[in-house]
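Notes for the one structure printed next.
The values are calculated or read from the model by the stated rules, or taken from the named source; none is laboratory data. Treat the numbers as computed from the prediction; the structure is a model and nothing was measured. Don't worry about glycine lacking a Cβ; one is built from the backbone with ideal geometry, like all the others, and counts go over all protein chains shown. When the accessible area is computed, the model is the full protein with side chains, heavy atoms only, and any ligands, DNA or RNA have been set aside. Shrake-Rupley method; radii C 1.70, N 1.55, O 1.52, S 1.80 Å.
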Amino acid sequence: MKKTLLLAGVACLFSVSANAMDLNREFKPYIGFDYVYSHADYKKLAKDPKKDYNSGAVNLGTMITPYSSLEAFFQQSGERKSFKGTIDQVKTEFYAYGLDAYGYMPIGCDGFNLLGTLGLANYNMKVKYIRGSQDKQRMGYRAGVGMQYNFTENFAARVVGRYSYIGARNLDNLMEVTAGVKFMF
């Protein structure tokens, strides 16, 4: 009886190890780089700053299953200059960081995936006038859809359209288009 229980316990350990090895294949870390075009919807400052931004983003993520991943990102925009009247120059920029969840759905052709994303981000918006400046942080949510093409098992390119709701006093939302690559380890 003791030998049978011992053998059963050893068999259970080997089966748990085998399952853990399968899970390790699904957890696949990756790093990505994106170009981001953002269009800002300003409320009261609609005539003052420029509304279009070019940004760069770096993201680190991991595939959880073959059809989902979690991704942390950091995005930094370039500074935009515009003029208010003839005296005041207005400079605006923002950066954001947060976490996105991605879902993938393979479509007809090999390597093509539709993707959807939901996430949370902390946005820091900076507005500089000659007479002063504002620096505001605000937590917002993001949702997007796009397409990804896997060139190889380790290299992919994607395009995503995203709506980011910020709800700040002067900045309501961002409409974004991202295009980038990612390398999976």
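So here's what we get for this one:
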{"quantity": "Counted charge near Gln134, where neighbours are those whose Cβ lies closer than 10 Å (Asp, Glu -1; Lys, Arg +1)", "calculated": "+3"}
{"quantity": "GluC sites (Glu not before Pro) within the stretch 54-136, DSSP loop, no more than 16 other Cβ atoms inside 10 Å", "calculated": "Glu79"}
{"quantity": "The stretch 60-131: trypsin sites (Lys or Arg not before Pro) in DSSP coil with no more than 11 other Cβ atoms inside 10 Å", "calculated": "Arg131"}
{"quantity": "Radius of gyration and Dmax over the Cα atoms of the stretch 78-185, both given in Å", "calculated": "18.0, 57"}
{"quantity": "J(HN,Hα) series, the stretch 169-176, from Karplus relation 6.51 cos²θ - 1.76 cosθ + 1.60, nearest Hz, glycine and proline x", "calculated": "4, 9, 10, 7, 7, 10, 9, 10"}
{"quantity": "Extension gain (nm, one decimal) between Tyr149 and Gln76, 0.36 nm per residue minus Cα-Cα", "calculated": "23.8 nm"}
{"quantity": "The stretch 38-185, accessible area per residue, ligands and nucleic acids excluded (1.4 Å, Å²)", "calculated": "53"}
{"quantity": "Distance between modelled label sites at Gln137 and Ile31, nm, 7 Å Cα→Cβ extension", "calculated": "2.6"}
{"quantity": "Asp41, Asp34, ranked by accessible area, largest first (probe 1.4 Å)", "calculated": "Asp41, Asp34"}
{"quantity": "Accessible area, probe 1.4 Å, largest first, for residues Ile31, Ile130", "calculated": "Ile130, Ile31"}
{"quantity": "Accessible area of the stretch 79-185 belonging to carbon and sulfur atoms, whole % at 1.4 Å probe", "calculated": "61"}
